[in-house]
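Inspection log for the structure reproduced underneath, given as structure tokens.
The values are calculated or read from the model by the stated rules, or taken from the named source; none is laboratory data. Everything quoted here is computed from the prediction, not taken from an experiment. Please note: Cβ atoms are built from the backbone with ideal geometry, for glycine as well, and neighbour counts cover all protein chains shown. Accessible surface areas use protein heavy atoms only, side chains included; no ligands, DNA or RNA. Shrake-Rupley method; radii C 1.70, N 1.55, O 1.52, S 1.80 Å.
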Amino acid sequence: MATLLRSKISNVATSVSNKSQAKMSGMFARMGFQAATDEEAVGFAHCDDLDLEHRQGLQMDILKSEGGEEGGEPPLEGDIHYQRDGTGPLPPSASKDAGVCSELSGQGKPKITAWEAGWNVTNAIQGMFVLGLPYAILHGGYLGLFLIIFAAVVCCYTGKILIACLYEENEDGEIVRVRDSYVDIANACCAPRFPTLGGRIVNVAQIIELVMTCILYVVVSGNLMYNSFPNLPVSQKSWSIIATAVLLPCAFLKNLKAVSKFSLLCTLAHFVINILVIAYCLSRARDWAWDKVKFYIDVKKFPISIGIIVFSYTSQIFLPSLEGNMQNPKEFHCMMNWTHIAACILKGLFALVAYLTWADETKEVITDNLPSTIRAVVNIFLVAKALLSYPLPFFAAVEVLERSLFQDGNRAFFPNCYGGDGRLKSWGLTLRCALVVFTLLMAIYVPHFALLMGLTGSLTGAGLCFLLPSLFHLKLLWRKLLWHHVFFDVAIFVIGGICSISGFIHSLEGLIEAFRTNAED
């Protein structure tokens, strides 16, 4: 009897602790931390879900098992964990608005305003990878500027039609949300013959984009440090190794709370750095080389520029989650309009004034063109931001890999990587360390920021932002579409496909050539 009483008291105390943690997560979300730093399509809205899953998974098991012992119904598969990939069956009440947090605290997840959602999208499309846009103007001239505008318009449109695919009309003629994620949309398009094929394709594309983003962070860290201290006897590869050594503890991360707070400060610092670069360029306005901006393209390198521009706009992968967490989802379209208009203006101005300042000497990372007196300070801030941003895509990629390879029920390829006490097993830790080492090897053998960015944008960026949304929109809603929507969707699919294939081929050729050169050295 005493043992049973102690067990009950322990369970109540743990439940109260979990409620407090859930309230703290809601407080951080309302303060804006939830929407702070996901600039490469890793929605910060997912971070709290990932933290809650690891933090509360065991407690949910205890609560469910207690309910079963006392006569309650056994938990359904998918009740315990947040179904991010959309592959597991969900209970009728499970949604983005009622997840683990609501089950423990009795309240729904804290909603975000349109301004907070806009901050999320702004961080996704206004991140540090805009530093490569002047290099795109170098090989595209005025056509590169046009593509910055064109990509903003198309990505804004495809973001809206992607959200439209989440809704259907019920028997009463009301528009209701029947899907929760990009993966759900993809699975619905491939059903009934291949009900999980679409989700697997989207997950693979997401993993590729996340891992490539991690590689780009290592590359840009080595590049910036090498160009900041050229007199030191340390090569760019050595700087990349040092950066990876700093990042190795990411393999042991269980949550991203502390990193997220620092990343918020780094994001604000990045905006200040962009302003400083533009201010320096404006100070040299008398020397701007307007004659260097022409209506011509470098046939071999311009397709790479397309990938760079597209990659800088990728945000579609987390838009369904973001829209589902908005207080007023009807404001989503307006939010998409002003965020992409602002991004288009700021990116266009940044790329143009930076190219006009350095013209043909424009480098892959524009801060490398700054005078040595201020370059080191600016680059150190950017390296700090890159290193603190690395855990976000890394943690998301690990979560997808662990779920698909180790935790996907009977479909998992390997045993569960977490023990009964919630500790990570040796093979799970090996996977994480291998992923960190893989990003280092890619950064060492292909230390080309523009080529990697162009390849990623052409492969996964164009697919997730152009091809798949237009294809899904046509497949799911074609009976209700007006003729001009059909025309836009087909045009985007065709143009996006051509740009994607062209950019991928040229980027891949450049990477192969760079790989051979580095292997010979």
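Roughly how many Å² is the accessible area per residue of the range 440-521, as a whole number, for a 1.4 Å probe?
Details: 4180 Å² over 82 residues.
Averaged over the residues of the range 440-521, the accessible area is 51 Å².
Quick one: accessible area per residue over the range 104-187, 1.4 Å probe, rounded to a whole number of Å²?
On the way: 2850 Å² over 84 residues.
Heavy-atom SASA per residue in the range 104-187 reads 34 Å².
Spin-label model, ILE242 to PHE150: label points 7 Å out along the Cα-to-beta-carbon direction sit 4.2 nm apart. With r defined as the distance between the Cβ atoms of ALA376 and PHE487 and R0 fixed at 60 Å, what FRET efficiency is calculated, to the nearest 0.05? Efficiency for this residue pair is about 0.70. Centre-to-centre separation between the Cα atoms of the range 317-371 and those of the range 455-481: 21 Å. Residues of the range 277-305 with an amide N closer than 18 Å to a point placed 7 Å from the Cα of GLU361 along the Cα-to-Cβ direction: 277-293.
Where Rh denotes the Kirkwood radius from the mean inverse Cα pair distance, what is Rg over Rh for the range 136-221? It would help to have the intermediate numbers written out before the result.
On the way: Rg = 18.1 Å, Rh = 16.0 Å.
Looking at the range 136-221, the ratio lands at 1.13.
Put simply, the amide H of MET326, placed in the peptide plane, has neighbours under 5 Å in ILE112, leaving out anything fewer than 5 places away on its chain. Here the range 118-262 yields Rg over Rh of 1.08, to two decimals, using C-alpha coordinates and the Kirkwood radius. Rounded to the nearest 10 square angstrom, CYS190 shows an accessible area of 40 square angstrom against a 1.4 Å probe.
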